[in-house]
Amino acid sequence: MHHRTGKALLLFCMLLAVFSLYRTRDTFYKRLAWETQQGLKAYTDFSLYREARAADLTQELDGVTSTRPGVYVLVIGESQNKMHMSAYGYDRETTPWLDAMKDDGHTVFFRDARSCHMHTVPVLSYALTAKNQYDSRDLTKAVTLIETAKAAGYETIWLSNQVRYGAWDTPTSAIASEADKQEWLNTHVGETTETTAYDGALVDCLANIKPERKTLIVIHLMGNHGSYRDRYPKDATVFDGDSPVDLYDNSIRYNDSVVQHIYETAKAMPDFQGLVYCADHADDVDRNLGHDASHFTQDMTKIPFYMMFSDAYIRENPDVVRELKEHAATRVTNDLLFNEMLAVMGIIIPQEYEKQNDLTSPAYDSDESRFRTLHGQKELD
């Protein structure tokens, strides 16, 4: 753990301890203290195995580098329900940019992506590591996307508008902390969805990057997380009304604009190869349930997932793009995002490779009955 990261976590724990001493009868603070303790334990457990994972990965990747160098961008959306996106058939025009791009020859538009859990940390703990719902490996010993990319010679960059220190995201922060460069716009701490800036500010962060020839950039949006009205500036309001659906749809429309500008900025970079977009989970906004797993609905799993490639990538990797498009209508859960990113980037770890979970492989297993959510506890409809 980096020295400054450790100091920040220690300060955060001390503040929580003070709250606990003076508000011990307050259920909220008790719960916050407990969840933070659990979050920090998960962070510590995951970090303890970092050196062991690194040693295993070095051995596994000995002499192996990516066969497809260049600049890759992974954008992680937040709480985005594809059923409220016009690109997926919603009756309001909430995604005008994606509407135009989804049938573009550069785009692979997946129509049946589902989330592996309802909460960000459980999702990303699987999506950004070799662990998934369909194997029995120990999460703490699963190599991460950042570790793998670095071992394959990539510069790794993490840009985020999420809270860095809190009960919800410390394991995610542990993964992000492995990146060579990090920028966190959100200065809040603890169990909160408040933000210091709108997601559009991440575009400026991206524009300031001077990537190496082999670079992986991960951008973690605050996206469409409640409170919905806080996710977009007032002048970005398109749908009048004050209902949760109106506010949510405005946040979806703003998100579409943010991703458009991320894509256009990334596309202008030398050696740009591709952008992958995937939401962590969805909100059941129609029932006003958010994404609380204790009130699970199938709508909470219905997420957008798409990829956009450069002319050079398509020209040099026609078989990859063809297989992806062949599987565009088949089911995939986002705990397989690790597999898909490595496949797109051309990184193969022989001991980790699972052809049945690789959308670029003709052997991808598209049997819908095998896919699950809530880390294997629930079937998908």
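Things to note:
- Test: residue in the range 133-150 that is in contact with an Asp or Glu (Cβ under 8 Å, 6 or more places away or on another chain), open to solvent by less than 10 Å² (accessible area, probe 1.4 Å) and more than 20 Å from Thr215 (Cα to Cα): no
- Scanning the range 264-303 for residues that are among the aromatic types (Phe, Trp, Tyr) and more than 16 Å from the chain's Cα centre (by Cα) returns Phe272, Phe296.
- Hey, Ser257 assigned to a helix (DSSP H, G or I), at negative phi, surrounded by fewer than 22 Cβ atoms within 10 Å (Cβ to Cβ) and modelled with pLDDT under 95 or not: no
- Among residues that are aliphatic (A, V, I, L, M), in contact with a Phe, Trp or Tyr (Cβ under 6 Å, 6 or more places away or on another chain) and open to solvent by less than 10 Å² (accessible area, probe 1.4 Å), Leu275 is included.
- Test: residue in the range 302-309 that is under 26 Å from Leu342 (Cβ atoms), aliphatic (A, V, I, L, M) and out of contact with any Leu (no Cβ under 7 Å at 6 or more places or on another chain): yes
- Residue within the range 120-130 that is part of a loop (DSSP other than H, G, I, E, B), touching a Leu at 6+ places or on another chain (Cβ under 7 Å) and not β-branched (Val, Ile, Thr) present: yes
Here's the yes/no breakdown for (1) farther than 29 Å from Ala151 by Cβ; (2) without any contact (Cβ under 8 Å) to a residue 40 or more places away in the chain; (3) in contact with a strand residue (DSSP E or B) (Cβ under 7 Å, 6 or more places away or on another chain); (4) open to solvent by 20 Å² or more (accessible area, probe 1.4 Å):
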| residue | (1), (2), (3), (4) |
| --- | --- |
| Val285 | yes, no, no, no |
| Met308 | no, no, yes, no |
| Ile347 | no, no, no, no |
| Glu352 | no, no, no, yes |
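- Candidate set from the range 200-242 (those that are assigned to a loop (DSSP other than H, G, I, E, B) and open to solvent by less than 10 Å² (accessible area, probe 1.4 Å)); member that is farthest from Glu147 (Cα to Cα): Asn224
The values are calculated or read from the model by the stated rules, or taken from the named source; none is laboratory data. Computed from a predicted structure; not experimentally measured. Neighbour counts run over all protein chains shown; Cβ positions are idealised from the backbone, glycine included. Protein only, heavy atoms only, side chains kept; ligands, DNA and RNA dropped before computing areas. Shrake-Rupley method; radii C 1.70, N 1.55, O 1.52, S 1.80 Å.
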